[in-house]
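All remarks here apply to the structure that follows.
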Amino acid sequence: MLQAGINQTLHRIYLEVKCNVVILTPYKTVQEQISNQVLLAERLIIGEVPTSYYHLEGISTDNAIDIIE
């Protein structure tokens, strides 16, 4: 999930593909595992925008009552 905004959420669904391969060369054979992610779906879900928004960072329980009153 990524940040999109107030009441917005971006969801992405990935498929992880792992494949064992054998690489043939004239001098030796090499076995490797290849891994990749493929994006299957992406959706931005938008909710209602609130009528008010409070950024309460740094507010402690001692002074939080001042905001309510």
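The table that follows gives values for the structure above.
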{"read-out": "Protection proxy ranking of 6-16, 30-40 - average other beta-carbon atoms within 10 Å, highest first", "value": "6-16, 30-40"}
{"read-out": "Over segment 14-54: Rg over Rh, Cα atoms, Kirkwood Rh", "value": "1.51"}
{"read-out": "³J(HN,Hα) computed for each position of segment 8-23 - Karplus, 6.51 cos²θ - 1.76 cosθ + 1.60, integer Hz, glycine/proline x", "value": "10, 9, 9, 10, 10, 10, 10, 10, 8, 10, 10, 9, 8, 10, 10, 9"}
{"read-out": "Long-range amide H partners of Q8 with built H, under 5 Å", "value": "G47"}
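Here, each number is a calculation from the coordinates, and none is a lab measurement. Bear in mind the structure is a predicted one, so any value in this text is a computation, not a measurement. Neighbour counts run over all protein chains shown; Cβ positions are idealised from the backbone, glycine included.
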